[in-house]
């Protein structure tokens, strides 16, 4: 499978191993797989994944830096196909306790750490694929969790918002090679903020604070959050995600809505997200890739 692409038509073998970070998405993927008759096996990362929710699924705990143990557990559970999903605060190399297998691959691991999250995940993915595993993406295992094309809210973007969306897409395309972030906020044609290591929630909180401080003078109800994968990104890893929490952040930031790339953005808790967007008169639109 070529880097930067993935195929929803690939034949996923059961069971599928889910290397699970924090948040709700690992469990949403597990439920989507189970609904389609594919057995999910969670490999929750210690310190990241919610222990209470893990218990409802077949699972084996793993730790960052323990590649040898993780590979043994993947094989014991019969998981050839693997997906990385969920949030993870990246530890520094000095904080990780490596097992023997990882130490043997240390050069590859260090190279994987020298870049953004997508670079790290794709680097670890290549290590696993060299050992006989296959990395798959959301498109392969849970396409129902991806944002569809078109407006899914009752509110639609205005002409000004459409112009802001195009500016946001252009900015993210330009920033993609620098691996900075996957989101930007544009208000009346002005790029007021771009995502950094803190993530989208912090980006929106920053915009809300700038409004409170009078640094943003535009009226509330104007401006757009635009999210898109980085150019050249391996679409099996680290896709942009939106959900109810994103809607809350957009509303607090005084924006008009959200625009994301259809088919390449995860929509977490979509029904709750749409209901909240409608209640706050915000638009949520999936753009053609």
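A short reminder: the numbers here are calculations on the coordinates, not readings from a lab. None of the values given here were measured: they were computed from a predicted structure. Counting neighbours? That spans all protein chains shown, and the Cβs are built from the backbone with ideal geometry, glycine included.
Tabulated data
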| read-out | value |
| --- | --- |
| Gap separating the Cα centres of region 14-57 and region 201-250, nearest whole Å | 27 Å |
| Modelled FRET efficiency - R0 22 Å, residue 196 with residue 173, Cβ distances, 0.05 increments | 0.80 |
| Largest to smallest principal axis extent of the C-alpha atoms in the chain, angstrom | 57, 40, 35 |
| Gyration tensor verdict on region 162-289 (Cα atoms; rounded if a/c is under 1.5, prolate if a/b is larger than b/c, oblate otherwise) | oblate |
| Extended-chain gain in nm, criterion 0.36 nm per residue less alpha-carbon gap, residue 278 and residue 205 | 24.2 nm |
| Structure-based [θ]222 nm, the chain - -39500 (n - 2.57) summed over DSSP H runs of at least 4, per residue, nearest 500 | -10500 deg cm²/dmol |
| FRET E, pair residue 103, residue 130, Förster distance 25 Å, beta-carbon r, rounded to 0.05 | 0.95 |
| Cβ-derived FRET efficiency at R0 22 Å, residue 151 paired with residue 289, nearest 0.05 | 0.85 |
